[in-house]
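The values are calculated or read from the model by the stated rules, or taken from the named source; none is laboratory data. Computed from a prediction, not measured in an experiment: that's the story for all the values here. Heads up, the Cβs are rebuilt from the backbone with ideal geometry, glycines too, and the neighbour counts pull from every protein chain shown. Just the protein is used for accessible areas: all its heavy atoms, side chains included, with ligands, DNA and RNA removed. Shrake-Rupley method; radii C 1.70, N 1.55, O 1.52, S 1.80 Å.
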Amino acid sequence: MFFTLKKFVGGLLMPLPLLLIIMAIALSLLWFSRRQKMGKVIFLVGWLLLGLLSLQPVADSLLRPLENTYPTYHGGTQLNYVVVLGGGYTYNPQWAPSSNLINNSLPRVTEGIRIYLMNPGSKLIFTGAAVPGNPVSSAATAAKVAESLGVPATDIITLDQPRDTHQEAQQVAQRIGHQNFALVTSANHLPRAMVFFQEQGLAPVPAPANQLAIDSPLNIWEKAVPQSLYLAHSERAWYETLGRIWQYFTGKTAPAQSAN
């Protein structure tokens, strides 16, 4: 119950629903009260924030500091395991396997496979529970994709009970202890994930995937026109900020240390 409530409240605090709620309050003031000036000001602020957060320069400037915390994995100490955290997914057996991994999941899995291939003898660990109504877990779906790309089933371990990053860290610690492993997740999520794993006494090698903030030159219209893509980038930055605030208030503040 608490987990569901946390997810629901967190969803409402994302930029799009939060700003829509703010603008709805403004419209209510304009329609049903005499506080016309206040309603206009609130609506204007909400509209401007929505526009700004949908611009590439603003969105990516919010996201880039998170994504630049750790460098891309290029090898080093021999790894025993490559842990790939779960993300968005669905499951339709009629689809190409990779089509069942949505949003951040497919880049995580492909990066995990790349690192697995760089470390002969290692094992891939996929984490993530099933969402309500889906008979297949996030971990099992990722494993099917890895197998379709040539990874032997004997080299794959699925942990399909964890529902969030904290639980994923606990399950990994119980399964592999203090053996060398890389932690693969989205670059913007990795700083927060490292804290959860360090809290378990583990020292994972950070391996960011799915970088989103754009550094290459863009056409002027791509920078000047609001787009849903960049609003999603702002949402990721805000989501991770909320997550780190939650970590702080729950006492999970172990320092994230770079290693590669």
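At least 3 residues that are at negative phi and free of Cβ contacts under 8 Å to residues at least 60 places away in the same chain in each: list the strands (runs of 3 or more DSSP E) lying fully within segment 102-186 that qualify.
Once the strands (runs of 3 or more DSSP E) in segment 102-186 are filtered for at least 3 residues that are at negative phi and free of Cβ contacts under 8 Å to residues at least 60 places away in the same chain, what remains is 123-127, 156-159.
Mind counting the residues in segment 204-246 that are modelled with pLDDT under 90 and either in a loop (DSSP other than H, G, I, E, B) or among the β-branched types (Val, Ile, Thr) (or both)?
Summing the residues that are modelled with pLDDT under 90 and either in a loop (DSSP other than H, G, I, E, B) or among the β-branched types (Val, Ile, Thr) (or both) in segment 204-246 gives 8.
Have a look at Asn119, Asn103 and point out the one that is closer than 20 Å to Ala207 by Cβ and modelled with pLDDT under 95.
Asn103
Does segment 210-227 include one or more residues that are touching a residue at least 12 places away in the same chain (Cβ under 8 Å), open to solvent by 10 Å² or more (accessible area, probe 1.4 Å) and in contact with a strand residue (DSSP E or B) (Cβ under 7 Å, 6 or more places away or on another chain)?
Checking segment 210-227: at least one residue is touching a residue at least 12 places away in the same chain (Cβ under 8 Å), open to solvent by 10 Å² or more (accessible area, probe 1.4 Å) and in contact with a strand residue (DSSP E or B) (Cβ under 7 Å, 6 or more places away or on another chain).
Can you tell which of Thr158, Thr185, Thr154 is under 19 Å from Ser138 (Cβ atoms) and open to solvent by 10 Å² or more (accessible area, probe 1.4 Å)?
Being under 19 Å from Ser138 (Cβ atoms) and open to solvent by 10 Å² or more (accessible area, probe 1.4 Å) holds for just one of Thr158, Thr185, Thr154, which is Thr158.
Do we find a residue being under 18 Å from the mean Cα position of the chain (by Cα), open to solvent by less than 50 Å² (accessible area, probe 1.4 Å) and closer than 17 Å to Ser138 by Cβ anywhere in segment 62-82?
Yes, segment 62-82 contains at least one residue that is under 18 Å from the mean Cα position of the chain (by Cα), open to solvent by less than 50 Å² (accessible area, probe 1.4 Å) and closer than 17 Å to Ser138 by Cβ.
Check whether at least one residue in segment 138-146 is more than 15 Å from the chain's Cα centre (by Cα), among the charged types (D, E, K, R), open to solvent by 70 Å² or more (accessible area, probe 1.4 Å) and within 17 Å of Ile102 (Cβ to Cβ), and report yes or no.
Among the residues of segment 138-146, at least one is more than 15 Å from the chain's Cα centre (by Cα), among the charged types (D, E, K, R), open to solvent by 70 Å² or more (accessible area, probe 1.4 Å) and within 17 Å of Ile102 (Cβ to Cβ), which makes the answer yes.
Residues in segment 107-123: is at least one closer than 30 Å to Ile220 by Cβ, open to solvent by less than 50 Å² (accessible area, probe 1.4 Å) and either touching a Leu at 6+ places or on another chain (Cβ under 7 Å) or not polar (S, T, N, Q) (or both)?
Yes, segment 107-123 contains at least one residue that is closer than 30 Å to Ile220 by Cβ, open to solvent by less than 50 Å² (accessible area, probe 1.4 Å) and either touching a Leu at 6+ places or on another chain (Cβ under 7 Å) or not polar (S, T, N, Q) (or both).
How many residues does segment 21-51 hold that are touching a residue at least 24 places away in the same chain (Cβ under 8 Å), out of contact with any Pro (no Cβ under 8 Å at 6 or more places or on another chain) and open to solvent by 50 Å² or more (accessible area, probe 1.4 Å)?
Qualifying residue count, segment 21-51: 2.
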